1. Would you point out which residue out of A:169, A:145, A:160 is under 19 Å from residue B:186 (Cα atoms) and among the aliphatic types (A, V, I, L, M)?
2. If you check A:127, A:42, which single one turns out to be assigned by TED's automatic domain parsing to the domain that holds residue A:162 and either in contact with a Gly (Cβ under 6 Å, 6 or more places away or on another chain) or aliphatic (A, V, I, L, M) (or both)?
3. Only one residue in B:33, B:27 is within 14 Å of another protein chain (Cβ to nearest Cβ), part of a helix (DSSP H, G or I) and either within 16 Å of residue A:29 (Cα to Cα) or touching a residue at least 12 places away in the same chain (Cβ under 8 Å) (or both). Which one?
4. Looking at residue B:100 and the list (1) within 14 Å of chain A (Cβ to nearest Cβ); (2) without any contact (Cβ under 8 Å) to a residue 40 or more places away in the chain, which single condition is not satisfied?
5. Do we have residue A:40 as of a type in the set (Val, Ile, Thr), out of contact with any Cys (no Cβ under 7 Å at 6 or more places or on another chain) and surrounded by fewer than 22 Cβ atoms within 10 Å (Cβ to Cβ) here?
6. Here are some residues: B:22, B:66. Which one is in a helix (DSSP H, G or I) and surrounded by fewer than 14 Cβ atoms within 10 Å (Cβ to Cβ)?
7. For residues that are assigned to a loop (DSSP other than H, G, I, E, B) and in contact (Cβ under 8 Å) with a residue 24 or more places away in the chain, tally how many sit in the stretch A:36-46.
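The values are calculated or read from the model by the stated rules, or taken from the named source; none is laboratory data. Remember, it's a predicted structure, so these values are computed and weren't measured experimentally. Note that each Cβ is placed from the backbone with ideal geometry, even for glycine, and that neighbours are counted across all protein chains shown.
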Protein chains: 2
Amino acid sequence: MPLVTSSTPALDARTRLARAAVEAFSTRGFHGTTTRDISTAAGMSPAALYVHHRSKEELLFELAHVGHQRVLDMVRASVATSDDPVEQLGTLVEDFVRDHALVHTGARVINYELAALSAEHLAEIVAIRHDIDEVVRDVIDRGVAAGVFHTPDPHMTALAVLSLGIDVARWFRDEGRWSPDQVAVHYRLLALRMVGAAGGLEARA
Amino acid sequence: MPLVTSSTPALDARTRLARAAVEAFSTRGFHGTTTRDISTAAGMSPAALYVHHRSKEELLFELAHVGHQRVLDMVRASVATSDDPVEQLGTLVEDFVRDHALVHTGARVINYELAALSAEHLAEIVAIRHDIDEVVRDVIDRGVAAGVFHTPDPHMTALAVLSLGIDVARWFRDEGRWSPDQVAVHYRLLALRMVGAAGGLEARA
């Protein structure tokens, strides 16, 4: 993804600040970044951040809130594409993994810097994460009930499927050997195998 | 794991500094932590860190080097327990996952703060990580060659198996619902399913 610079005036100030914050937080961490760093990287005056956000923490919260809500909406849309738990889980994992590969820098920030949020803000993000977990758990529970998934611990398996996708944001590199689509398609197979789906077994190479 | 305090004088200074650094880096990140923070948390004078380490970066490197070498030795020992790729991968995943749950704070630091290392130090850590990857790839390649594993992309699958284990350090909580052993045993099953091993399929609940 292109970095924001002062030569991209078409972007509004909030967007420039948001993009500059993601880059700064991913490079030096939340605590290693100053509001001046962010404003300057956004091509604005040192105090410009305060025109739009009450604090650096509020900016992180906005990034985390928008990012988590977007993922929740995405996984709900994935599940809505079918009535079959195998298809639902496969589509969900493909979408989730592709997204974490494509926006890996932003995903790292909002997954690894949560401890910097205030208790109130953290609670709001944890609630959305819980909703995301619930979507995955629900698909797996329905697959188990329908006899198409077989797992001794559906909830730990749901956690593991999401965990595998989240870690893509840590290791994925734009210049690496695999495209986001290639990773997404392979991880769909891995997730279906993790839940013991026949689809995962038939897809043996 | 207990935090180090000045009431634990039996630990030598390097160990106290190392433990204080892990706690500080995990809480505020490498860039958000000062050498004074670390020395003070270790119950020592503000400049005490420099008696033992040339810089904060050298201390992070030592933590990362010791931690990665320990994991490399561990996975090699896991593989040495058997000649059967199914047993080898199962034991490796159990050991790797249990370890990342037990020392989750340290594992987070040395997996997520690598960008703070100098180019030379990062290259040394990347080399050890490559050796760890090789151990896993080799087991999976031998399982595929022996016809006991079935996967369309052994190398992406090896990456995914390690990735799943690494992310345990992000989400595991000492006060959570699962013990390190419970996670390790379930993840053994998940990994064997990911590689399409008969052991993973027979273990259907």
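1. Result of the check over A:169, A:145, A:160: A:160.
2. A:127
3. B:27
4. With (1) within 14 Å of chain A (Cβ to nearest Cβ); (2) without any contact (Cβ under 8 Å) to a residue 40 or more places away in the chain applied to residue B:100, the lone miss is (2).
5. yes
6. B:66
7. Final tally of qualifying residues: 3.
Each row is one residue, and each column tells you yes or no for (1) more than 14 Å from chain A (Cβ to nearest Cβ); (2) under 18 Å from residue B:106 (Cβ atoms); (3) touching an Asp or Glu at 6+ places or on another chain (Cβ under 8 Å).
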position	(1), (2), (3)
B:47	yes, no, no
B:50	yes, no, no
B:54	yes, no, no
B:60	no, yes, yes
B:78	yes, no, yes
